[in-house]
Amino acid sequence: MSDSSTRGAATQATRHTPTLLRGAIIAMTLVIASLGAGLLAGEVLLRVAFDPSRVLDGDALWEYEWRHRQAARGSAQRPQYSFDTFDAELGWRPAASFQSAEVRTNSQGIRADRDFSLEPEAGISRIVLIGDSFTWGEEVSNDETFAARLEHHLGDWDVINLGVHGYGTDQQLLRLRRDGFPFEPNVVLLAFYEENLYRNVVSFRDYAKPRFRVQNDQLILENTPVPTPEEVLAREQRLPRSFLWVVARRLLRKTAVAWGWGLDASEAWMVTQAILDAAKRETEDREAEFVLMYIPYSGFRRPGPVEPLLTDWARETGTAYVNLRERFLEMPATDQDRLYDGHWTPYGNERVAMLMAEFLRQRASAGGPDSSSEATR
């Protein structure tokens, strides 16, 4: 090719370069504009066509639902359940001396048919249970709760049920400190349900609640004293600026949790681990034994994402540990099907009580915390 032809081709290419660049910029601008329009349309659709309870997440969702329940009832004083009362330290707790066909509490606000003296009777051991609705005994009568059945099977033990529906491990620790340790327990049993992990990083659930953050390896308590219902209703709820971002973030989190991505490095586990450390340390400082019981979801034939974290923590800290999922899988399939109906059925409460009574008797006969081969099971 001649020099003149080469120069002509180069000149023609140079002329076309601005045209190509302009085309690329226009195309990119259209893509960005289309994406922005799509995001805006999605945001508008979520805000206009969907009930916020189907979009919101975390604190915002729980507070939104609570406000709507209060509006329907026409009273800021009435809690979610008739046996609840406001508690400035814990958010909510069982009311004292409550009586209904299924639920009865004593004068100390404990689900029981008798009061407990602070000092145990001679020859009687004591176990304090802390947990959520499974420990409380959701959907069963007083006599059918795990606590009542455990006391029946142990015989010479007081079983003090400090479980409260909806509680996270944070509230459980706070109630143990205030209401549990004064009873001088020999054993503290923390019943950890899978969902508790996520309750530990919200400040609103069934109602406003305290929560911990970890700062410089220390637990820092926030949102206390808990605001009264009137104070909550007097302020306008702050909703997220972007509903679309809330939905996207929730989908990402659910995907990560389902696959176990990064849960061990999450804020939820960091806070939960610090709470468990504190509960164990403070229990042992009082010369009592700390026991961790893992409660799986009702679909327990597959392991839950929190289970390996608790199992590893129990092994690393030398904590007595009962993995109920493993115990349930040892049962015949017909028995497994009778354990849950949302929460534990009366049969489920009975079987768990039998398992835990056997576990505690074995540890007692073996001589204490370090003697059981079950400690990391």
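The values are calculated or read from the model by the stated rules, or taken from the named source; none is laboratory data. What you are looking at is a predicted structure, and each value in this text was computed from that prediction instead of being measured. Here the Cβ is made from the backbone with ideal geometry for all residues, glycine too, and neighbour counts use every protein chain on show. Please note that ligands, DNA and RNA were not included when accessible areas were found on the heavy atoms of the full protein model with its side chains. Shrake-Rupley method; radii C 1.70, N 1.55, O 1.52, S 1.80 Å.
Can you name the residue in segment 296-323 that is in a loop (DSSP other than H, G, I, E, B) and free of Cβ contacts under 8 Å to residues at least 12 places away in the same chain and is also farthest from Thr345 (Cα to Cα) among such residues?
Within segment 296-323, the subset in a loop (DSSP other than H, G, I, E, B) is 296-306, 318-319.
The next check asks that each one be free of Cβ contacts under 8 Å to residues at least 12 places away in the same chain; those that pass are 299, 302.
On the way: Gly299: 14, Arg302: 20 Å.
It comes out as Arg302.
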(request) Considering every residue within segment 102-125, establish whether at least one is open to solvent by 20 Å² or more (accessible area, probe 1.4 Å), of a type in the set (Gly, Ala, Ser), farther than 29 Å from Ala234 by Cα and touching a Gly at 6+ places or on another chain (Cβ under 9 Å). (result) no
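With respect to Gly58, is the statement that it is surrounded by 17 or more Cβ atoms within 10 Å (Cβ to Cβ) and at pLDDT 90 or above true? Walk me through how you get there before you give the answer.
Working: surrounded by 17 or more Cβ atoms within 10 Å (Cβ to Cβ): yes; at pLDDT 90 or above: no.
Here the answer is no, as Gly58 does not meet what is asked.
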(message) Looking at Met331, Met293, Met356, can you tell me which residue is within 22 Å of Arg149 (Cα to Cα), assigned to a loop (DSSP other than H, G, I, E, B), hydrophobic (A, V, I, L, M, F, W, C) and open to solvent by less than 60 Å² (accessible area, probe 1.4 Å)?
(response) Met331
(message) Could you go through segment 167-180 and let me know if any residue there is surrounded by fewer than 16 Cβ atoms within 10 Å (Cβ to Cβ) and small (Gly, Ala, Ser).
(response) no
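Being acidic (Asp, Glu) and either surrounded by 15 or more Cβ atoms within 10 Å (Cβ to Cβ) or part of a helix (DSSP H, G or I) (or both) is the filter here; which residues of segment 262-290 pass it? Please lay out each step first, then the result.
Going through segment 262-290, the residues acidic (Asp, Glu) turn out to be 264, 267, 277, 282, 284-285, 287, 289.
Asp264, Glu267, Asp277, Glu282, Glu284, Asp285, Glu289, listed by residue number.
Mind checking whether some residue in segment 150-158 is out of contact with any Gly (no Cβ under 9 Å at 6 or more places or on another chain), surrounded by 17 or more Cβ atoms within 10 Å (Cβ to Cβ), of a type in the set (Phe, Trp, Tyr) and at pLDDT below 95?
Of all residues in segment 150-158, those out of contact with any Gly (no Cβ under 9 Å at 6 or more places or on another chain) come to 150-155, 157-158.
Now restrict to residues that are surrounded by 17 or more Cβ atoms within 10 Å (Cβ to Cβ): 150-151, 153-154, 157-158.
After this cut, where a residue has to be of a type in the set (Phe, Trp, Tyr) as well, the list is 157.
Right, trim to at pLDDT below 95 and you get none.
No, there is no match, as no residue in segment 150-158 is out of contact with any Gly (no Cβ under 9 Å at 6 or more places or on another chain), surrounded by 17 or more Cβ atoms within 10 Å (Cβ to Cβ), of a type in the set (Phe, Trp, Tyr) and at pLDDT below 95.
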